[in-house]
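What follows is a single structure, written as structure tokens, with notes after it.
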Amino acid sequence: MAQDFHSFDVIVIGGGHAGTEAALASARSGARTLLLTHSIETIGAMSCNPAIGGIGKGHLVREIDALGGVMARAADAAGIQWRRLNASKGPAVRATRCQADRSLYRSFIRRAVESQPGLTLFQAAVDDLLIESDGSHGDAVRGVVTQSGLRFRAPAVVLTAGTFLAGRIHVGETQYAAGRAGDPPATTLAAKLRERPFVVDRLKTGTPPRIDGRTLDYSVMTEQPGDDPRPVFSFVGSHADHPAQVSCWITHTSERTHDIIRAALHRSPMYSGQIEGTGPRYCPSIEDKVVRFAEKASHQIFVEPEGLDVAEIYPNGISTSLPFDVQLELVRSIAGFADAHITRAGYAIEYDYFDPRGLKSSLETKSVQGLFFAGQINGTTGYEEAAAQGLVAGLNAARHVQEQPAWSPRRDQAYIGVLIDDLVTQGTNEPYRMFTSRAEYRLQLREDNADLRLTQVGRELGLVDDARWDLFARKRDAVAAETARLGALWASPNNSAGREAAATLGIELSRENSALDLLRRPELDYARLTSLPAFAPAVEDAAVAEQVEIEAKYSGYLERQRAEIARQQRNEDTAIAQDFPYGAVHGLSAELRQKLESVRPETVGQAQRIPGMTPAAISLLLVHLARAK
Ligand code: FAD
């Protein structure tokens, strides 16, 4: 019997980075899923710079990948210049970044969506949600209504509308409604959502003008080829997945650029008061940089190709909403840009977002059952942050329908856990992006061990397919076997291994050491150690060798961190009911009671992280919880 066209388990609204991961995760979890989006052509579109990863963001990509998501594989299929950032620093902050071919990226995502069993695609603008009162249980979502009046029904809906909700573009004094350049806004849906009890505010973001690369003079710029060895994003990926590689270039703004900007500040919507929303602090516009860092004579600009078969380049670092005539003048004052032809104007966009403290850590809204929010609408910025939330929301939407408990990673388990916990506990009043400094357990949460941290749980949740699981299990076993092998090889001042190590590696041995102990020494690495016949053969898989080496070198820190995590965990998982009577906790100050009532944390761990919370208040809470048992 043909499936009812209008009835699904999960509906995902929006085909951006959050929406595609949400739809794929939901379908992989066995839910009949419908992805509704404005335009099938823009599925997987990158609104801003075609680049994936970076510090903190690369970690998210690897975690999404470990949970069976698509972003890392799409980046491998589209990455045209690869870099390993912080390569000379500690393993916690090393990160992968690739410049992507915009169109290859989009094609890969579209293919992934189209080939996912259980996932149906339909092009439509959603104008409203169907929400019914569920008796004593409060409101519950029942489906959506499209612009043309079609009704699709589902007990779970994931909203991932990005910058489109009441989106408003600004270029100088000109402003108009749009979701992003060339796309319609979601105005009706935004108005309908404002009638609901969600806390809505405005944020803004911006993008630079795009330039025809054939009109630039590269001879005055510095070439930045990709790194060798070239990183690969996906655990199941390889260099064979990568397309042709190209270079990026570096140039600078000049004093004249800054003079042009200063003279036109009164025409900038950011400074004239035309824009109300707060912009991304870590990705400021060029006018913002010139004002905030007035002492700097120039700012770096990365000249990044938009793709292999297109002439456009993305000048990373000059995001602006100044009027077009000023954009043209400032662009042409940049070294190598004297004859630059702008193909698209830069602009800023303001949009509605929801206070993420209205969400549970599953990303389900607290006020409407079965309704999940993910991506930019939760106050974040960036493809990776959006995709990470999408995966968790899509998974939990499916689990909601299947009456399974929700799952969200802990802070010590994944950056995805840090991201979600920060959002739902602390909220945000500026676009939130991920940094390694946001994680207290950075050394645990490395890019290189994302698979070891998350693939097992991803498999249990039904997100990881057989091929990935087999590959993962082989790597995990190989790491364990090599660690055990090195742990069982002994070198002492009196045995041949010890004498060989002393003579060849120039190390002093005062007592017996295992090869694993030797690996902990700062002057030794895995390759040197296993070059000795006594400790050979080295494993062939570089990822296995890297893992054995990092775990050995940092074992002291890692063990201390694991002990700290275990200690924290005791409170972390102590649940607090959503209707917990904070007013009944004697000794709790009115201010802290108010904070607890507004966040309504799901666990004591989450309560501890509410800004301003004190250890004394947590003790009172614990006493009350123990009595209530
Ligand atoms: P989006 O990628 O915006 O996707 C939303 C999707 O929902 C679209 O497919 C849209 O068509 C669809 N949709 C919306 N409403 C409806 C509806 N009612 N019915 C059906 N479909 C709907 N990030 C950075 O990290 N750094 C930056 O500097 C940066 N600059 C940016 C500049 C601009 C101008 C813009 C627009 C974005 C910028 N971003 C930047 C943000 C980045 O693009 C987003 O973080 C990311 O795309 C968010 O993903 P998302 O899935 O939440 O939303």
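None of the figures in this text is laboratory data; all of them are computed from the coordinates on show. Keep in mind that this is a model prediction, so the values were computed, not measured. Positions of Cβ are backbone-derived with ideal geometry, glycine not excepted, and every protein chain shown enters the neighbour counts.
Under a 5 Å amide H to amide H cut-off, with H placed in plane at 1.01 Å, what residues pair with D139 once short-range neighbours are removed?
Hits under the 5 Å cutoff: D134, Q369.
Which Cα, out of A542, Y526, A607, lies furthest along the positive dipole direction of region 505-629 (beta carbon charges, K/R +1, D/E -1)?
The Cα lying farthest towards the positive end belongs to A607.
Multiplying the sequence separation of E223 and A484 by 0.36 nm and subtracting their Cα-Cα distance, what value in nm do you get?
On the way: separation 261, 0.36 × 261 = 93.96 nm, distance 4.49 nm.
Taking 0.36 nm per residue and subtracting the Cα distance, the gain is 89.5 nm.
Calculate the all-directions average of the projected area of the chain's alpha-carbon convex hull, and give it in nm².
Mean shadow area of the hull around the Cα atoms is 32.7 nm².
Starting from region 381-483, pick out the trypsin sites (Lys or Arg not before Pro) whose DSSP state is loop and whose Cβ has at most 12 other Cβ atoms within 10 Å. Spell out each step's value before the answer.
On the way: sites: R399, R410, R411, R433, R438, R442, R446, R453, R459, R468, R474, K475, R476; in loops: R410, R411, R433, R442, R446.
Passing sites in region 381-483 do not exist.
If I take R0 = 41 Å and measure r between the Cβ atoms of N429 and R111 in this structure, what FRET efficiency does the formula 1/(1 + (r/R0)^6) give, to the nearest 0.05?
In this case the efficiency is close to 0.60.
Which one of V236, G556, T187 is farthest out on the positive end of the charge dipole of the chain, using unit charges on Cβ (Lys, Arg +1; Asp, Glu -1) and the Cα centre as origin?
Ranked along the dipole, the leading option is G556.
Where does region 236-393 land on the Kirkwood hydrodynamic radius, alpha-carbon pairs, in angstrom?
Working: mean 1/r = 0.0543 Å⁻¹.
For region 236-393, inverting the mean 1/r across all distinct Cα pairs yields 18.4 Å.
Please express the Cα-Cα pair-distance distribution P(r) of region 7-69 as a list of whole percents, one per 10 Å bin, running from 0 to the bin with the greatest distance.
21, 44, 30, 5, 0
Under unit Cβ charges (Lys, Arg +1; Asp, Glu -1), what dipole magnitude, rounded to 20 debye, does the chain have relative to its Cα centre?
Magnitude of the dipole: close to 1040 debye.
Does region 119-262 come out rounded, prolate or oblate, given a ≥ b ≥ c as the square roots of the eigenvalues of its C-alpha gyration tensor, rounded meaning a/c under 1.5 and, failing that, prolate meaning a/b above b/c?
It comes out oblate by the Cα gyration axes.
Suppose every Lys and Arg Cβ carries +1 and every Asp and Glu Cβ carries -1, with no other charges. What dipole size does region 513-629 come out with about its Cα centre, to the nearest 20 debye?
680
What spacing in nm lies between the two simple spin-label points modelled at A502 and S238, each 7 Å away from Cα in the Cβ direction?
So the two model labels end up 4.5 nm from each other.
Once you put a point 7 Å from the Cα of E512 and another 7 Å from the Cα of R262, both along the Cβ direction, what distance in nm separates them?
7.3
I need the shape label for region 203-282. Rule: rounded when a/c is under 1.5, else prolate if a/b > b/c, else oblate, with a, b, c from the alpha carbon gyration tensor.
In terms of gyration-tensor shape, oblate.
For the chain, list the DSSP H helices whose alpha carbon atoms reach 24 Å or more along the long axis and whose average Kyte-Doolittle value is 1.6 or above?
Span-like helices in the chain: none at all.
With a 10 Å Cβ neighbour count serving as the proxy for reagent exposure, in which order, fewest first, do Y557, Y415, Y441, Y105 appear?
Exposure proxy ranking, most exposed first: Y557, Y441, Y105, Y415.
Check the straight Cα-Cα distances from K57 and name the lysines below 29 Å, setting aside those fewer than 8 residues away within the same chain.
Within the straight-line limit of under 29 Å, K57 reaches these lysines: K89, K204, K289, K296, K360, K366, K475, K553.
Restricting the calculation to Cα positions, tell me the Rg (one decimal) and the Dmax (whole number) of region 225-268 in Å.
In order Rg, Dmax, the Cα atoms of region 225-268 give 19.7, 52 Å.
Which of A387, L423, L452 sits closest to the plus end of the dipole of region 365-465, meaning its Cα is farthest towards the positive end, when Lys and Arg get +1 and Asp and Glu get -1 on the C-beta?
So the residue we want is L423.
Could you give the nm distance between label points at Q402 and R194, where each point is 7 Å from its Cα heading toward the beta carbon?
Roughly 3.9 nm, to one decimal.
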